[in-house]
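Worksheet for the structure shown next.
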Amino acid sequence: MNVLSEPPSSAETAWRILPQGDRCLIVSFGDRIDASIGRTCLAAAVRLREARLPGVTDVVPSFVAVAVHYRPDARGNPSYAQLAERIGQLLEAGISVDASGGREVDIPVCYGGEHGPDLDDVARAAGLTPEDVIALHSQPRSMVFMLGFAPGHAYLGVHDEKLNIPRRPSPRTAVPMGAVAVANRQTVIYPNRLPGGWNIIGATPLTMFDPAREPAALLQPGDSVRFVPIGPDEFDRIREAGR
């Protein structure tokens, strides 16, 4: 069963509901990374969580879609067709998309040098100076679209077209915790030591994921982030204070 309709809501977008295995369905809202589509996904996820649909175990927003995980069984939990129909009804009733939703969070970043080994390469690829790259990256606010790949691993954007830089041809086997990296007009912040192929332009001294903290992830989908340039001494001071 596919559902394709125009919801009479502030979202003003079509959606598709498609199966993803036997315990998940996908509600797709588009095919491009765009702030308005991202906010629609976040609003839809909130609506679906609030509905507390029987059998649903998790609701996960992404750039262009919302994954709804569920447990079909013989004890009254829904089949795919039943759940898709109910979700379609909820979306047709309307979702409220708040362009100003989420918190405003400042993330200090030490750009270049040992903390940003790819800054010069990014600048050359973009036809800019390193200072221009820092300005483009830090001056406007960036939206947190989703968390993925690892706990607390935030994906942010969408940056100026000049920062439409591809990933590195060869990924690193280990990227340091706190690395701030760009590719394809997006930013990721590595919450711990991980492999990765994004271009590292700086690092934050903040702890992005702490299981003892509530919430454990410093950034949440829908947050608005401002990257604040700092120097190496300030980086060391903040990191030491956080230990």
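The values are calculated or read from the model by the stated rules, or taken from the named source; none is laboratory data. Note that this is a predicted model, so its numbers are computed, not measured. Counting neighbours? That spans all protein chains shown, and the Cβs are built from the backbone with ideal geometry, glycine included. For the accessible areas, the whole protein counts, side chains as well, though only heavy atoms, and no ligand, DNA or RNA atoms are used. Shrake-Rupley method; radii C 1.70, N 1.55, O 1.52, S 1.80 Å.
A few notes on this one:
- With Cα atoms, 0 to 90° folded angle of helix 80-92 axis to the chain main axis: 70 degrees
- Relative contact order for the stretch 130-243: 28 percent, from Cα pairs under 8 Å spaced at least 6 residues apart, divided by residue count.
- Helix 35-51 and the longest principal axis of the C-alpha atoms of the chain enclose an angle of approximately 50°.
- Per residue, in Å², the accessible surface of the chain once ligands and nucleic acids are set aside, probe 1.4 Å: 50 Å²
- At most 11 other Cβ within 10 Å, DSSP loop - chymotrypsin sites (Phe, Trp or Tyr not before Pro), the stretch 100-181: none
- By accessible area with a 1.4 Å probe, ligands and nucleic acids excluded, highest first: order of HIS69, HIS115, HIS159: HIS69, HIS115, HIS159
- Volume per residue of the convex hull around the Cα atoms, evaluated for the stretch 104-242, comes out as 97 Å³.
- To put it simply, the accessible area of the stretch 16-93 at a 1.4 Å probe is 47 percent carbon and sulfur.
- Average Cα contact separation per residue, the chain, under 8 Å, 6 or more apart, as relative contact order %: 19 percent
- Expressed as a fraction of 2.2 N^0.38 Å, the C-alpha radius of gyration for the stretch 16-93 is 1.04.
- Measuring nothing but alpha carbons in the chain and taking Rh as the Kirkwood radius, the Rg to Rh ratio lands at 1.02.
- Applying the criteria of a DSSP loop state and at most 13 other Cβ atoms within 10 Å to the trypsin sites (Lys or Arg not before Pro) of the stretch 95-155 yields ARG103.
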